[in-house]
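So the structure is just underneath, and the comments pick up after that.
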Ligand code: NDP
């Protein structure tokens, strides 16, 4: 099996030379798959992993738009329709200047495994644009979103492909895109998730990824007879995922010490309480300010700007029991991983996608800490997106308690699948192996059932 998997990785590298993040995501999954492929020779015959690593379809298009001064701009946009074996393509849209084909393919690839773990019928996809919403007026963001949807609308649909938010795409952007989709299609239908409550959204969707990452951490701790009560937490990012991670940590009696954005991070030794979190939510979601303003309001906290010359991120070099990376990919390098371990961190639940580099993951797995990889730990967001699709189909809305309890059950089930699958394949406690193998088996068995058509 070793040679087969090595050849497979070489093929992926040769075919996708300028896509390091995509290659990284494939290389992260492959070492786990050997035992599953040994057990299922039919996967190899049907070229399942070769097919999973090749998108079913990639759409690339231009998005022209006009700024407030009357100047014109052109951005590049993408939708990766990665795998529809178990349901319509499903995955977020990212608006960030770093967006390119390789980053979206890595996210779409991860999404296929993640969605399979949710127990809901969703295939995998991802999309976005190199447009940067930061510093743009509401009307500029609206014009961009409308122009973006003028092309995307012909490729998506409630039974075909259902995008959602991701970095740079929150309720405001989903609203502008949904408005344009509705106008073009002349249909009020659940084609996007993360919608507002008045127009088909689900309660708990904004909270879902952060809450889910905390539920996943709590499940991991339960395997050792522990809870989050009284634990300290390092949280990165200050957007959607970070905010609701801190909210749920507060609910469960843990103390969050940090928050960050691309400018730097704050460390608040006293902990980020409900009042401080409300301030951050207003700062980030309404005033769209920078995290350094936190220390103007709470001067006992310390702000440290990003220092590009450092070989590590000092946010990860504080003493804490747990860590919830919730900003972006590759935000924990090998040194950061070593620092986390050195400072006593033994629970890591990834809210972000692929926040840890492969060398860092190896440290966590070798140290046998409770390490929940993003494709399992942050699946709560897409899970509640799946529940939003169900509510749209039913033309009905569940209560906050109903959705939260379904989210909790789904996170428990994802944890159980990862834990049991890892144990079944002789790697007890290895959530990376568990998530990768359990995700693969569901998608692979379905692809076999459906024949060589995709
Ligand atoms: P937001 O746009 O709401 O927030 C992103 C946060 O991360 C901001 O604080 C941003 O700072 C920071 N950030 C983004 N890029 C960088 C960078 N290159 N360097 C440093 N900081 C950065 O996004 P979300 O909270 O929705 O997403 C965060 C992560 O969670 C992403 O990895 C996303 O893929 C993942 N995720 C999100 C889900 C969701 O439901 N939203 C679902 C599953 C995973 P700044 O404002 O300065 O850019």
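Just so it is clear, none of the values below were taken in a lab; they were calculated from the coordinates. Keep in mind that what you see is a predicted model, and the values were worked out from it rather than measured. Using ideal geometry, Cβ is built from the backbone for each residue, glycine included, and neighbour counts are taken over all protein chains shown.
Between the C-alpha center of region 215-291 and that of region 326-392 there is a gap of 15 Å. Would you please classify the overall shape of region 2-189 from the alpha carbon gyration tensor, given that a ≥ b ≥ c denote the square roots of the eigenvalues, rounded means a/c under 1.5, and beyond that prolate means a/b larger than b/c while oblate covers the rest? Taking the square roots of the gyration eigenvalues as a ≥ b ≥ c, region 2-189 is prolate.
Counting only C-alpha contacts under 8 Å and six or more residues apart, can you give the relative contact order of region 1-136 as a whole percent?
Details: 225 pairs, mean separation 33.4, N = 136.
Reported relative contact order: 25 percent.
Going by neighbour counts of Cβ atoms within 10 Å, the residues 227, 209 line up, fewest first, as 227, 209.
Here each label is just a point 7 Å from Cα along the line to Cβ, and for residue 343 and residue 15 those points are 4.1 nm apart. The slack in the chain from residue 402 to residue 270, taken as 0.36 nm per residue of separation less the alpha-carbon distance, amounts to 44.2 nm.
Going by neighbour counts of Cβ atoms within 10 Å, the residues 364, 8 line up, fewest first, as 8, 364. Taking square-rooted eigenvalues a ≥ b ≥ c of the alpha carbon gyration tensor, is region 208-372 rounded, prolate or oblate, where a/c under 1.5 means rounded and, failing that, a/b exceeding b/c means prolate? Oblate, because a/c is 1.5 or more while a/b does not exceed b/c. For the chain, the share of DSSP beta bridges that are antiparallel, to the nearest 5, is 60%. For region 208-372, the relative contact order works out to 24 percent when only alpha carbon pairs closer than 8 Å and six or more residues apart are counted. Label the chain by shape, choosing from rounded, prolate and oblate, from the square roots a ≥ b ≥ c of the eigenvalues of the Cα gyration tensor; if a/c is under 1.5 it is rounded, and otherwise prolate applies when a/b is larger than b/c, oblate when it is not. Rounded. Look at where the Cα atoms of region 113-192 and of region 397-454 average out, and the two centres are 25 Å apart. Can you give the FRET efficiency for residue 281 and residue 309, using 1/(1 + (r/R0)^6), R0 = 41 Å, r = Cβ-Cβ distance, to the nearest 0.05? The calculated FRET efficiency here is 0.80.
Contour minus end-to-end for residue 27 and residue 74, with contour as 0.36 nm per residue of separation and end-to-end as the Cα-Cα distance?
Going from the current span to full extension adds 13.6 nm.
In plain terms, the chain from residue 366 to residue 409 could stretch by 12.6 nm, reckoned as 0.36 nm per residue minus the Cα-Cα distance. In this rough spin-label picture, where each label sits 7 Å from Cα along the Cβ direction, the residue 293-residue 50 distance is 5.4 nm. A Förster radius of 51 Å, combined with the Cβ-Cβ distance separating residue 199 from residue 317, puts the computed FRET efficiency at roughly 0.70. Estimated from the Cβ-Cβ distance and a Förster radius of 41 angstrom, the FRET efficiency linking residue 445 and residue 302 is about 0.20. Based on Cα contacts under 8 Å between residues 6+ apart, the chain shows a relative contact order of 16 percent. As a proxy for reagent exposure, 245, 232 were ordered by neighbouring Cβ count within 10 angstrom, fewest first; the result is 232, 245.
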